[in-house]
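This report refers to the structure that appears directly beneath it.
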């Protein structure tokens, strides 16, 4: 990608982030300290989408910086990824009171930002962290969502905003903090995402090696 394209991506990201920080589309803006746009590599092959900011995220204006974020960073490292290699965001950009699940109206008011982020980054794989993320992404793709327990472990090929990608539904890191037995599933799914993101490159290499032999 040329430097001009990178500059254009950065300008587009800055515009999205500024609109997120000033958004008043739903009542959550009255309670926030900071709205929380996504962050990370604007050309990432992997995007991770959570539910909404928590207390630490609301205070710092950054996604996944609390205990759940620390677990997520650790699991990324286990999969051979650095946080700066991926793009991390949430469906809803403002913290709901007491970290409750966002309402359908709150998701509807905010989902346009997520669609813009997907169109900008154009990831190959999205890891849907939890029920809200999975439901929102499947809605954008025109697919049915049966709940994270039923969907976890699948790889779903979808098109969102003209971007062809794979959605891997899994549990939210916060759930794994309360139920440690979920951590292994989460680790497996993030590793699966890393492998899925690199799969075409491996396939090309194998073909070239075969032809060379």
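The values are calculated or read from the model by the stated rules, or taken from the named source; none is laboratory data. Since this is a predicted model, take the numbers as computed values, not measurements. Neighbour counts are summed over all protein chains in view; Cβ atoms, including those assigned to glycine, are modelled from backbone coordinates with ideal geometry.
Of everything in region 82-95 that is over 16 Å from residue 175 (Cβ atoms) and in contact with a helix residue (DSSP H, G or I) (Cβ under 6 Å, 6 or more places away or on another chain), the residue that is surrounded by the fewest Cβ atoms within 10 Å (Cβ to Cβ) is 83. Filtering region 11-18 for residues that are under 22 Å from residue 175 (Cα atoms), surrounded by 16 or more Cβ atoms within 10 Å (Cβ to Cβ), touching a strand residue (DSSP E or B) at 6+ places or on another chain (Cβ under 9 Å) and modelled with pLDDT of 95 or more leaves an empty set.
Table: residues versus (1) under 22 Å from residue 160 (Cβ atoms); (2) assigned to a loop (DSSP other than H, G, I, E, B); (3) touching a residue at least 40 places away in the same chain (Cβ under 8 Å).
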site	(1), (2), (3)
9	yes, no, yes
19	yes, no, yes
48	yes, no, yes
57	no, no, no
69	no, no, yes
105	yes, no, yes
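Restricting attention to region 120-139, the residues that are in contact with a helix residue (DSSP H, G or I) (Cβ under 7 Å, 6 or more places away or on another chain) and in a loop (DSSP other than H, G, I, E, B) total 2. The set of residues from region 107-130 being touching a residue at least 40 places away in the same chain (Cβ under 8 Å) and under 24 Å from residue 149 (Cβ atoms) comprises 114, 125, 126, 127, 128, 129, 130. Only residues that are surrounded by fewer than 18 Cβ atoms within 10 Å (Cβ to Cβ), more than 28 Å from residue 124 (Cβ to Cβ) and out of contact with any helix residue (DSSP H, G or I) (no Cβ under 7 Å at 6 or more places or on another chain): list them for region 57-70, please. Selection gives 59, 60.
The condition of being outside any strand (DSSP E or B), under 18 Å from residue 47 (Cα atoms), in contact with a helix residue (DSSP H, G or I) (Cβ under 7 Å, 6 or more places away or on another chain) and at pLDDT 95 or above holds for only one of 177, 182, 186, that being 186. For region 140-165, the tally of residues that are farther than 15 Å from residue 115 by Cα, surrounded by 12 or more Cβ atoms within 10 Å (Cβ to Cβ) and touching a helix residue (DSSP H, G or I) at 6+ places or on another chain (Cβ under 8 Å) stands at 7.
Taking into account only those residues within region 80-103 that are in a helix (DSSP H, G or I) and within 16 Å of the chain's Cα centre (by Cα), which is farthest from residue 191 (Cα to Cα)?
Keep residues of region 80-103 that are in a helix (DSSP H, G or I), which gives 83-85, 97-99.
The next check asks that each one be within 16 Å of the chain's Cα centre (by Cα); those that pass are 83-85.
Values: 83: 14, 84: 16, 85: 14 Å.
If we take residues in region 80-103 being in a helix (DSSP H, G or I) and within 16 Å of the chain's Cα centre (by Cα), then 84 is farthest from residue 191 (Cα to Cα).
Taking region 21-32, which residues are outside any helix (DSSP H, G or I) and either on the phi > 0 side of the Ramachandran plot or touching a residue at least 60 places away in the same chain (Cβ under 8 Å) (or both)? Listed by number, the residues that qualify are 23, 25, 26, 31, 32.
Within region 114-126, identify whether any single residue is surrounded by 22 or more Cβ atoms within 10 Å (Cβ to Cβ) and out of contact with any strand residue (DSSP E or B) (no Cβ under 6 Å at 6 or more places or on another chain), and answer yes or no. Yes: region 114-126 contains one or more residues that are surrounded by 22 or more Cβ atoms within 10 Å (Cβ to Cβ) and out of contact with any strand residue (DSSP E or B) (no Cβ under 6 Å at 6 or more places or on another chain).
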